[in-house]
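Single-structure report; data block below.
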């Protein structure tokens with residue numbers, strides 16, 4: 001299948017999605033960056049699989065954020081999405097915010113997720129290592145955001161990634177960033193990017209699970225990967241050395257090898 | 001023209017290098033900086049300054065609500081208003097405003113304002129605001145719900161004041177089985193409503209539709225205000241009426257001395273204290289706090305370095321944008337008359353104490369304004385005899 005952009009109807013909400021590749025379906029749930037766009041790691045994930053990367057409500061024009069008050073509503077949305085796609089069960093890769101949604105989905109509707117990759121996922125809380133308050137980042141200092149997201153701020157991805165406040169961005173892009181951040185705030189403002197109920201239900205997950213972390217994640221520290229791996233039955237933790245929060249961008253080779261190997 | 005003395009109650013004794021060692025005067029400025037003994041002096045001085053507005057001949061005073069910051073020490077404006085109710089007999093007391101989404105349930109605001117209105121004999125103006133961006137950090141209230149919470153809380157308060165209780169109010173955010181606010185306000189049907197806005201069209205349309213008063217959020221370039229008030233007047237016209245001057249208010253730092261040169265000399269350092277130490281952080285705009293359209297506009301105007309006070313680097317910038325009205329009584333009168341007549345506003349809200357300005361100086365400033373500026377402005381811009389349009393009640397449909 002060619003890479004395509006399409007619109008899906010989920011409970012009457014128009015949802016933006018990119019699709020590509022052939023094979024068994026693979027669902028990718030994006031982070032607060034809103035990467036339902038063809039970044040290199042998504043192109044690679046689409047090799048040998050039919051990759052679907054929908055934009056969450058509020059991101060990239062996907063509708064329905066008005067009806068979503070919290071993570072539970074977001075998970076309901078994805079259950080309806082799976083129904084709309086006609087999938088009884090699917091493999092899911094979720095990055096950061098997307099990982100949180102994926103973990104909730106696998107815990108609340110265990111039979112609908114076959115294999116689960118939680119990459120740099122928020123969603124739980126480790127008191128000693130709080131998740132970074134991404135909402136408090138001052139856009140006057142784009143280098144701080146870069147430093148938070150990457151282990152090595154000189155890596156190629158850290159250099160090409162656009163930081164708001166850094167350059168003149170076209171209005172459409174600013175609007176997408178603002179809407180995406182507002183949608184993230186809607187479900188993750190308080191408690192900060194986690195759901196205190198989730199850790200009590202993670203034992204229900206039946207999906208084979210890989211927790212994949214950058215060793216030096218400054219947004220959702222490695223301890224979160226360890227905690228997820230401990231709470232999800234049979235889950236395995238894989239750590240990418242010298243790598244930060246945006247692992248698929250900073251260490252694409254190691255990250256993709258781990259994900260592809262696990263999904264094979 | 002109606003004249004109001006507005007007080008922010010700032011923290012005056014920050015370390016000289018505060019702005020170098022702290023990025024924000026809000027949310028994260030550590031409260032170890034607060035010296036309670038100094039605080040005692042500030043509060044009592046500031047309350048005296050406000051109470052003195054009455055013998056000086058002002059029409060009213062304004063207090064406002066901000067949390068966890070060094071810019072203004074008034075987390076509870078209703079407490080200060082309560083003290084002023086007992087210290088004054090004639091003047092209006094405008095609470096501009098209560099940040100509705102920070103009250104849960106917001107019927108708390110309906111109760112407190114009604115108490116103040118009853119005790120003061122109907123002298124309260126109820127300002128209602130969405131709250132500043134920093135407050136959403138300080139209260140951990142979801143900014144993506146700011147607008148819907150405000151709209152719902154406002155409707156709840158207005159219904160609580162006007163609709164016989166008990167009744168049920170089941171909104172998206174607030175679910176109350178029994179709304180029955182006791183006491184009800186003295187003013188009929190309710191105290192005047194002032195809504196501050198920073199130029200978003202949605203706010204102006206809402207205020208125009210309901211026949212409330214629109215107060216421009218301060219510290220913008222005068223041209224920005226002029227554009228906004230023109231828009232507001234248009235919104236009123238679209239609603240089929242001409243905006244009443246008292247539906248609009250201009251809020252400005254004001255300083256009066258014998259001559260222009262003396263005024264600048266006495267005032268300038270306090271302005272820079274205000275701008276450099278107290279403003280940073282005020283414009284925090286958490287995600288979802290405003291509509292994307294407004295957010296984009298604000299984002300751009302903050303960056304152009306000209307529209308907002310944070311861009312002022314020289315006294316020339318201050319004068320050019322009219323970020324403060326400073327000078328001899330003649331100069332101050334002239335500027336107020338020029339801007340107020342163009343804007344069409346019937347309320348002048350003055351900050352007579354700004355930044356680090358000591359109390360004695362602030363009181364002298366207010367006195368000179370009252371004696372030498374107010375009568376001249378009133379002569380040039382007499383009050384209209386046209387009555388204020390009546391606020392529209394919310395339709396009585398079950399919620």
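Restricted to the range B:12-56, and to residues that are in a loop (DSSP other than H, G, I, E, B), within 14 Å of another protein chain (Cβ to nearest Cβ) and touching a helix residue (DSSP H, G or I) at 6+ places or on another chain (Cβ under 9 Å), which residue is nearest to residue B:354 (Cα to Cα)? Break it down stepwise before answering.
We begin by selecting, within the range B:12-56, every residue in a loop (DSSP other than H, G, I, E, B); these are B:12-17, B:22-25, B:27-30, B:34-35, B:52.
After this cut, where a residue has to be within 14 Å of another protein chain (Cβ to nearest Cβ) as well, the list is B:22-25, B:27-29.
Then keep just the ones that are touching a helix residue (DSSP H, G or I) at 6+ places or on another chain (Cβ under 9 Å); that gives B:22, B:24-25, B:27-29.
Working: B:22: 20, B:24: 18, B:25: 15, B:27: 21, B:28: 22, B:29: 19 Å.
Looking at the filtered set, the residue picked out is B:25.
Pick from B:255, B:289: which is outside any helix (DSSP H, G or I) and more than 14 Å from chain A (Cβ to nearest Cβ)?
Values: B:289 fails: more than 14 Å from chain A (Cβ to nearest Cβ).
Going through B:255, B:289 in turn, the sole match is B:255.
Could you list, in sequence order, all residues of the range B:132-145 that are buried (at least 24 other Cβ atoms within 10 Å of the Cβ), at pLDDT 95 or above and more than 9 Å from chain A (Cβ to nearest Cβ)?
B:134, B:135
For the range A:89-106, indicate whether the set of residues that are more than 12 Å from chain B (Cβ to nearest Cβ) and over 27 Å from residue A:222 (Cβ atoms) is non-empty. I'd like the intermediate steps shown before the answer.
We begin by selecting, within the range A:89-106, every residue more than 12 Å from chain B (Cβ to nearest Cβ); these are A:89-106.
Checking which are over 27 Å from residue A:222 (Cβ atoms) leaves us with A:89-90.
Yes, the range A:89-106 contains at least one residue that is more than 12 Å from chain B (Cβ to nearest Cβ) and over 27 Å from residue A:222 (Cβ atoms).
Can you say whether residue A:173 is out of contact with any strand residue (DSSP E or B) (no Cβ under 7 Å at 6 or more places or on another chain), modelled with pLDDT under 85 and either under 17 Å from residue A:244 (Cα atoms) or within 14 Å of chain B (Cβ to nearest Cβ) (or both), as far as the supplied structure shows? Before you say what the answer is, go through the steps one by one.
Working: out of contact with any strand residue (DSSP E or B) (no Cβ under 7 Å at 6 or more places or on another chain): yes; modelled with pLDDT under 85: no; either under 17 Å from residue A:244 (Cα atoms) or within 14 Å of chain B (Cβ to nearest Cβ) (or both): yes.
For residue A:173, the condition - out of contact with any strand residue (DSSP E or B) (no Cβ under 7 Å at 6 or more places or on another chain), modelled with pLDDT under 85 and either under 17 Å from residue A:244 (Cα atoms) or within 14 Å of chain B (Cβ to nearest Cβ) (or both) - is not met.
Determine whether residue A:217 is part of a loop (DSSP other than H, G, I, E, B), in contact (Cβ under 8 Å) with a residue 60 or more places away in the chain and more than 18 Å from the chain's Cα centre (by Cα). Let's see the steps before the verdict.
Working: part of a loop (DSSP other than H, G, I, E, B): yes; in contact (Cβ under 8 Å) with a residue 60 or more places away in the chain: yes; more than 18 Å from the chain's Cα centre (by Cα): no.
For residue A:217, the condition - part of a loop (DSSP other than H, G, I, E, B), in contact (Cβ under 8 Å) with a residue 60 or more places away in the chain and more than 18 Å from the chain's Cα centre (by Cα) - is not met.
Given the condition closer than 20 Å to residue A:263 by Cβ and not in a loop (DSSP other than H, G, I, E, B), answer yes or no: does some residue in the range A:119-140 qualify?
Just the residues of the range A:119-140 that are closer than 20 Å to residue A:263 by Cβ, to begin with: A:119-121.
From what's left, not in a loop (DSSP other than H, G, I, E, B): A:119.
Yes, the conditions are met somewhere in the range A:119-140.
Just to be sure I understand the filter: pairs with C-beta atoms under 8 Å, separated by 6 or more residues or on different chains, first member in the range B:289-309 and at pLDDT 75 or above, second member assigned to a strand (DSSP E or B) and surrounded by 15 or more Cβ atoms within 10 Å (Cβ to Cβ). Which pairs pass?
Pairs found: B:307/B:220; B:308/B:220; B:309/B:220.
Check B:70, B:118, B:96 and return the single one that is surrounded by fewer than 17 Cβ atoms within 10 Å (Cβ to Cβ) and in contact (Cβ under 8 Å) with a residue 60 or more places away in the chain.
Details: B:70 fails: surrounded by fewer than 17 Cβ atoms within 10 Å (Cβ to Cβ); B:96 fails: surrounded by fewer than 17 Cβ atoms within 10 Å (Cβ to Cβ).
Exactly one of B:70, B:118, B:96 is surrounded by fewer than 17 Cβ atoms within 10 Å (Cβ to Cβ) and in contact (Cβ under 8 Å) with a residue 60 or more places away in the chain, namely B:118.
Only one of B:345, B:312 is crowded, with 22+ Cβ neighbours inside 10 Å and over 20 Å from the mean Cα position of the chain (by Cα). Can you tell me which?
The unique qualifying residue is B:312.
Only one of these is more than 14 Å from chain A (Cβ to nearest Cβ), more than 19 Å from the chain's Cα centre (by Cα) and either over 18 Å from residue B:8 (Cβ atoms) or surrounded by 21 or more Cβ atoms within 10 Å (Cβ to Cβ) (or both): B:199, B:240. Name it.
Working: B:199 fails: more than 19 Å from the chain's Cα centre (by Cα).
After applying the criteria, what remains is B:240.
So, of the residues in the range A:81-103 that are in contact with a helix residue (DSSP H, G or I) (Cβ under 8 Å, 6 or more places away or on another chain) and over 18 Å from residue A:42 (Cβ atoms), which turns out to be surrounded by the fewest Cβ atoms within 10 Å (Cβ to Cβ)? So that I can check it myself, show each step before the final result.
Taking the range A:81-103 as the starting set, the residues that turn out to be in contact with a helix residue (DSSP H, G or I) (Cβ under 8 Å, 6 or more places away or on another chain) are A:82, A:87-95, A:97, A:100-101, A:103.
Among the residues that remain, those that are also over 18 Å from residue A:42 (Cβ atoms) are: A:82, A:87-89, A:100, A:103.
Values: A:82: 20, A:87: 15, A:88: 9, A:89: 16, A:100: 28, A:103: 34.
Top of the filtered list is A:88.
Take the range A:179-212 and flag every residue that is more than 14 Å from chain B (Cβ to nearest Cβ) and in a helix (DSSP H, G or I).
Residues satisfying the conditions are A:198, A:199, A:200, A:201, A:202, A:203, A:204.
For the range B:263-286, how many residues meet the condition of being in a helix (DSSP H, G or I) and in contact (Cβ under 8 Å) with a residue 12 or more places away in the chain?
Initially, the range B:263-286 is screened for residues in a helix (DSSP H, G or I), giving B:263-278.
Imposing the further condition that a residue be in contact (Cβ under 8 Å) with a residue 12 or more places away in the chain reduces the set to B:263-264, B:266-278.
The qualifying residues number 15.
The values are calculated or read from the model by the stated rules, or taken from the named source; none is laboratory data. Computed from a predicted model, the values in this text were never measured in an experiment. Ideal geometry is used to build each Cβ from the backbone, glycine not excepted, and the neighbour counts take in all protein chains shown.
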